[in-house]
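The values are calculated or read from the model by the stated rules, or taken from the named source; none is laboratory data. Please read these numbers as outputs of a predicted model, since none were measured by experiment. Here the Cβ is made from the backbone with ideal geometry for all residues, glycine too, and neighbour counts use every protein chain on show. Areas reflect the complete protein model, heavy atoms only, side chains present, ligands, DNA and RNA absent. Shrake-Rupley method; radii C 1.70, N 1.55, O 1.52, S 1.80 Å.
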Amino acid sequence: MATWSKPSLIAAVIFLLVSLLSSASVANGGRSGGRRLVRSYDEPCKEMRLYLHDILYDYSNSTSNSTSAAATKPTALSAAVSNPGFFFGRMVVFNDPVTEGRALPPSLEETVVRAQGLYLYDGKVVFDAWFAFTVVFNSTAHQGTLNLMGADPNTEMRDISVVGGTGDFFMSRGVATLRTDAFEGFTYFRLQMDIKLYECYV
Amino acid sequence: MATWSKPSLIAAVIFLLVSLLSSASVANGGRSGGRRLVRSYDEPCKEMRLYLHDILYDYSNSTSNSTSAAATKPTALSAAVSNPGFFFGRMVVFNDPVTEGRALPPSLEETVVRAQGLYLYDGKVVFDAWFAFTVVFNSTAHQGTLNLMGADPNTEMRDISVVGGTGDFFMSRGVATLRTDAFEGFTYFRLQMDIKLYECYV
Amino acid sequence: MATWSKPSLIAAVIFLLVSLLSSASVANGGRSGGRRLVRSYDEPCKEMRLYLHDILYDYSNSTSNSTSAAATKPTALSAAVSNPGFFFGRMVVFNDPVTEGRALPPSLEETVVRAQGLYLYDGKVVFDAWFAFTVVFNSTAHQGTLNLMGADPNTEMRDISVVGGTGDFFMSRGVATLRTDAFEGFTYFRLQMDIKLYECYV
C-alpha cells in the first residue's frame with residue numbers, strides 16, 4: 001500500500017496553503033447558479049471607459065439640449081471673493097447622457113446610459129469640485145447602476161470611489177479615474193471616466 | 001500503525017478545498033467575543049422591510065407635520081421646460097419617520113427610526129429622482145445607521161446601494177429595493193424599502 | 001520510511017482549518033509587489049485622529065478666512081417653525097482645512113489635507129445634520145482620498161461611514177467617529193474625526 005512520506009505531506013500542505021492564499025484573485029464559490037465574488041487587487045475584474053456629457057442650462061441654451069441646471073443662486077461668499085469666480089457653493093443637478101465614444105449621442109434624452117446626481121463647486125480662488133452620482137445602465141449590454149462619489153480637483157487625472165452597485169453591478173466596488181476630455185466655459189464639459197471595478201459579483 | 005493511502009489523502013484534500021471554497025456563506029472567524037464577517041451572495045444575511053414617510057412642507061401644511069423641505073428655488077431650466085414640470089434641479093432635505101408598518105407613526109418627531117438626507121429631482125420631461133441618506137436606528141431592536149445612495153427612476157421597483165453602516169450595522173453593505181407604496185402629489189409619499197444586507201459583521 | 005498516523009493527519013488538517021479561519025486579520029496574498037487586502041474586524045488596520053476646521057462665511061467674516069458657504073436660502077419651513085431655528089433644509093458647501101493638531105493651520109488655503117463636500121441641517125426643533133464629503137490628502141505622508149457619509153445628530157459621539165478611498169487609501173472602508181471639539185455659534189466649528197479603517201489594501 002502506498003504511503004506518503006512526511007516531506008511529501010508537508011509539501012502538499014504547503015502547496016494547499018499557497019494555492020489558497022497567494023492567488024491575486026480569490027473566488028469564493030457560490031451554489032450552482034449563484035453569485036460568486038471575484039476580488040482582484042492588482043487588475044480590475046471589470047473595466048469600462050465612458051464619456052459623460054454635461055450641458056448646463058444657462059438661460060440662452062436650448063432647453064431640449066440642456067442636461068443639467070444650477071440648483072442654487074450664487075453664494076454671498078462667491079460674490080465677495082472673486083470675479084468672475086469659481087462659483088464657490090454652487091450645486092448643479094444633472095442627468096447626463098453617457099456614451100462609449102466621444103461624440104454626443106443623437107438623442108440626449110434617450111441615451112441608454114446616464115449619469116444622475118449632483119456636483120458642487122468648492123474652490124474659492126482655484127477651480128475645485130465634488131461629485132456624487134449614479135451611472136444608470138439601461139442598455140442591452142448592461143442593466144443596473146454604479147454609485148460614485150469623490151473630489152474633483154483641478155488636476156489632469158483624479159480618482160473617485162465606486163462605492164456600490166446594483167443589477168449587473170450588484171455589490172461592486174472600485175475606482176473611477178476622471179479626466180476632462182473637453183470643455184467650453186461652464187456650459188459644456190465632457191468627462192472621460194475610466195471605471196475600474198476590483199470587487200465584482202458574477 | 002495506520003497509514004493513509006494516496007487516494008484517501010487526495011480525497012481528503014479535495015474535501016477540504018471544496019468545503020472551504022464552495023459554501024455560499026463564508027464566515028471569517030474572529031477572536032472570542034470579536035466580530036465575524038458573514039458574506040452571502042445569494043441570500044441576504046439580514047433583511048428588513050421598512051416604510052419611509054415623507055411629508056413635504058408646501059406653505060399650507062402644518063409645520064409640525066412636515067418632515068421635509070425644498071431647499072432650493074425652482075431652477076431656470078425647470079421653469080423653461082415644463083408646466084407644471086418635474087422640478088428639475090430641486091433639492092429636498094428630509095428627516096423622515098421610518099416605520100415597520102404602513103401606518104403613520106403617532107408622533108412624527110419621536111419615531112425611533114428615521115431617514116435623514118436629501119433627494120433631488122432630475123427629470124426634465126419625466127419623473128426622475130436621486131437619493132442619498134442615512135437610516136438612523138435608535139430603537140430597542142437596533143442602534144446604529146445604514147448609509148444609502150442611488151438613482152430613483154420612475155419604475156415600479158428600483159435598487160439603490162447600501163454603501164456602509166455603523167453600530168449594529170457596522171461595515172454593512174447591500175442593496176435596498178424601493179417601491180412607492182403611496183403618494184399624494186408632491187406633498188406626501190410612502191416609500192417601501194426592502195433593505196437586504198449581503199455583508200454583515202456580527 | 002516515516003508515515004503519518006491517522007490521528008496526526010486529522011490534527012494537521014484541523015490545525016490548518018483553524019489557522020485559516022480563526023485569525024481576526026485575514027490577509028489575502030497578492031502577487032509580489034501587488035496589493036494585499038488586510039481585514040480586521042476588532043481593531044482597525046489604520047487609524048487617524050484629524051481635526052476639521054469649518055469657518056462659515058456669514059457676510060461679516062473675512063472672505064479669505066472663510067472655508068464654507070451656505071448654498072441655499074432659508075427654507076419656508078425653517079422660517080415658519082422656529083426662531084432663530086436650526087436652519088432646517090440649509091445646505092452648506094465646504095472646503096475645510098484638516099489638521100493633526102487642534103490649532104488652526106497658518107494658511108487656511110494651503111493646508112495639505114482638506115475636507116470637501118456638503119453638510120445639511122435637518123432638525124426642526126433640535127440640532128441635526130448630515131454629511132457627505134471627501135478627505136483629500138496631498139501631504140508627504142499620504143496621497144489619496146477617503147469618502148465619508150453619514151448622519152450627524154446632536155450627541156457627544158456619532159459614527160459615520162467611510163465608504164471608499166483612492167490612492168494610498170485604495171478601496172478602504174471603515175468608520176469615522178465624530179466629536180464636536182469646539183464651536184462658536186454657526187460661524188466656526190472644529191470637528192474631531194477618529195477615522196478607523198477596517199479594510200485596507202496595502
Query - B/A buried area, accessible surface, summed, 1.4 Å probe, Å² - result: 4000 Å²
Query raised in the report: Any idea what the relative contact order of region A:36-201 is, in percent, if you count C-alpha pairs under 8 Å spaced at least 6 apart?
Result: 24 percent
Requested in this report: May I ask which of B:124/C:73; A:196/B:196; B:46/B:124 have a Cα-Cα span longer than 27 Å here?
Outcome: B:46/B:124
Report summary line: Here the correct list, in nm and shortest first, of distances from residue A:103 to the same site in the other copies, label points 7 Å along Cα→Cβ, is 6.1, 6.1
Report summary line: Counting only backbone N atoms under 15 Å from a point 7 Å out along Cα-to-Cβ of residue C:202, the residues of region C:32-70 in range are C:33-48
Query raised in the report: If you count, for each residue, the other Cβ atoms within 10 Å and average over each peptide, how do A:104-112, B:128-136, C:43-51 line up from highest to lowest?
Result: B:128-136, C:43-51, A:104-112
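With N set to the residue count of region A:161-202, report its C-alpha Rg divided by 2.2 N^0.38 Å to two decimal places.
Details: Rg = 13.5 Å, N = 42, 2.2 N^0.38 = 9.1 Å.
Region A:161-202 yields a ratio of 1.48.
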Requested in this report: For residue A:156 and residue A:49, compute 0.36 nm times the residue count separating them, minus their Cα-Cα distance, and round to one decimal in nm.
Outcome: 36.9 nm
Query raised in the report: Got a number for carbon plus sulfur as a percent of region B:67-167's accessible area, 1.4 Å probe?
Result: 57 percent
**Report entry** Full-stretch length increase - residue B:143, residue B:58 - with 0.36 nm per residue and alpha-carbon distance subtracted
**Finding:** 27.4 nm
Query - Inter-copy separations for residue A:73, label at 7 Å along Cα-Cβ, nm, ascending - result: 0.4, 0.4
Query raised in the report: Per residue in region C:127-169, which ones lose no less than 40 Å² of accessible surface when going from chain alone to all protein chains (1.4 Å probe)?
Result: C:130, C:147, C:149, C:151, C:159, C:161, C:163, C:166
Report task. May I ask you to evaluate 6.51 cos²θ - 1.76 cosθ + 1.60, the Karplus curve with θ = phi - 60°, for each residue of region B:95-112 and list the ³J(HN,Hα) values in order in whole Hz, giving x for glycine and proline? Result -> 9, 9, x, 10, 10, 7, x, 6, 5, 4, x, x, 10, 5, 7, 9, 4, 7
Report summary line: Gyration tensor (Cα only) of region C:49-201 to equivalent ellipsoid, semi-axes in Å sorted down, yields 27, 18, 13
Report summary line: GluC sites (Glu not before Pro) in region B:122-202 lying in a DSSP loop, each with at most 14 other Cβ atoms within 10 Å of its Cβ, come to B:156
Query raised in the report: Once you charge only the Cβ atoms, +1 for Lys and Arg and -1 for Asp and Glu, what is the size of the charge dipole of region C:49-201 about its Cα centre, to the nearest 20 debye?
Result: 200 debye
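Hey, got the average number of other protein chain Cβ atoms within 10 angstrom for residues in C:36-44?
Per-residue shielding by partner chains comes out at 4.
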